[in-house]
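These notes concern the structure reproduced below.
The values are calculated or read from the model by the stated rules, or taken from the named source; none is laboratory data. Here the structure is a predicted model, which is why all the values come from computation and not from measurement. Virtual Cβ from ideal backbone geometry, glycine too; neighbours counted across all protein chains shown. Accessible surface areas use protein heavy atoms only, side chains included; no ligands, DNA or RNA. Shrake-Rupley method; radii C 1.70, N 1.55, O 1.52, S 1.80 Å.
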Amino acid sequence: MAKVKIIGEELILELSFWERAGAIHSNPRVARSAVTKVEFVENLWSNEVLRGVRAPGTAIPYAILLGTMRGRIYRDFTAIKGRGAGVVISLDKGPFERWIFTLRQPKSELEGLINS
């Protein structure tokens with residue numbers, strides 16, 4: 001599943017080949033300074049987290065959600081697999097307002113994104 005990588009001052013949400021194919025999108029990238037908030041969420045499939053309409057991407061409810069979630073004035077990128085815990089990274093720059101993905105790396109790697 002998706003994993004956040006830091007290369008210099010750039011943040012990359014690294015996706016597997018199949019995730020990129022399902023999302024119909026390459027690895028999202030943004031400046032590290034664009035991160036405004038990192039939230040750890042137990043239920044990614046809730047109305048409080050997900051919003052909008054998926055376009056483009058792939059979805060099987062409660063199993064997989066890959067791609068762009070669009071609303072009138074926002075776009076979120078999702079890479080969710082299963083019902084496990086996840087992360088919501090809020091951004092103030094770039095093509096997406098939030099990255100929403102299943103947690104597959106230690107929380108400590110993501111907690112430091114705001115403080116650095």
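Could you tell me how many of the residues in segment 32-48 are in contact with a strand residue (DSSP E or B) (Cβ under 7 Å, 6 or more places away or on another chain) and not charged (D, E, K, R)? Steps first, please.
Restricting attention to segment 32-48, the residues satisfying the condition of being in contact with a strand residue (DSSP E or B) (Cβ under 7 Å, 6 or more places away or on another chain) are 32, 34-41, 44.
Now narrow it down to the ones that are not charged (D, E, K, R): 34-36, 38, 40-41, 44.
Number of matching residues: 7.
Give the residue that is farthest from Val4 (Cα to Cα), with candidates limited to residues of segment 25-76 that are in contact with a helix residue (DSSP H, G or I) (Cβ under 9 Å, 6 or more places away or on another chain) and charged (D, E, K, R).
Among those that are in contact with a helix residue (DSSP H, G or I) (Cβ under 9 Å, 6 or more places away or on another chain) and charged (D, E, K, R), it is Lys37.
Looking at segment 94-109, I want the residues that are touching a residue at least 60 places away in the same chain (Cβ under 8 Å) and under 13 Å from Phe40 (Cβ atoms) and have a partner that is outside any loop (DSSP other than H, G, I, E, B) and open to solvent by 20 Å² or more (accessible area, probe 1.4 Å) with Cβ atoms under 6 Å, at least 6 apart or on another chain. Which pairs are those?
The qualifying pairs are Thr102/Lys81; Arg104/Lys3; Gln105/Lys3.
Applying the selection to segment 3-26, what residues are over 22 Å from Ala59 (Cα atoms), in a strand (DSSP E or B) and of a type in the set (Asp, Glu)?
First pass over segment 3-26, keeping only residues over 22 Å from Ala59 (Cα atoms): 5-12.
Pick out the ones that are also in a strand (DSSP E or B) and you get 5-7, 10-12.
Residue satisfying the conditions is Glu10 alone.
With the requirement that a residue be open to solvent by 70 Å² or more (accessible area, probe 1.4 Å) and closer than 20 Å to Arg104 by Cβ, what does segment 43-73 give you? Steps first, please.
Within segment 43-73, the first condition is being open to solvent by 70 Å² or more (accessible area, probe 1.4 Å), and the residues that meet it are 43, 47-48, 51, 53-54, 60-62, 70, 72-73.
Across segment 43-73, the qualifying residues are Asn43, Ile60, Tyr62.
When you check Arg70 against the structure, is it under 30 Å from Glu9 (Cβ atoms), under 13 Å from the mean Cα position of the chain (by Cα) and at pLDDT 95 or above, yes or no? Don't jump to the end; show me each part of the working.
Values: under 30 Å from Glu9 (Cβ atoms): yes; under 13 Å from the mean Cα position of the chain (by Cα): no; at pLDDT 95 or above: yes.
The answer is no for Arg70.
Need pairs with beta-carbon distance below 6 Å; first residue over 22 Å from Arg54 (Cβ atoms) and within segment 1-22, second of a type in the set (Asp, Glu); sequence gap 6+ or separate chains.
Lys5/Glu14
Select the strands (runs of 3 or more DSSP E) contained entirely in segment 28-116, then report the ones holding at least 1 residues which are in contact with a Gly (Cβ under 6 Å, 6 or more places away or on another chain) and not aromatic (Phe, Trp, Tyr). Before the answer, list the steps.
Numbers: elements: 29-31, 35-41, 53-60, 64-70, 75-81, 86-91, 98-102.
Ranges flagged: 29-31, 35-41, 53-60, 64-70, 98-102.
Residues are listed down the side, and each one gets a yes or a no for (1) open to solvent by 30 Å² or more (accessible area, probe 1.4 Å); (2) within 25 Å of Ile114 (Cβ to Cβ); (3) at pLDDT below 95:
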| site | (1), (2), (3) |
| --- | --- |
| Gly8 | yes, yes, yes |
| Ala21 | yes, no, no |
| Ser33 | yes, yes, yes |
| Val41 | no, yes, no |
| Ile80 | no, yes, no |
| Ile89 | no, yes, no |
| Phe96 | no, yes, no |
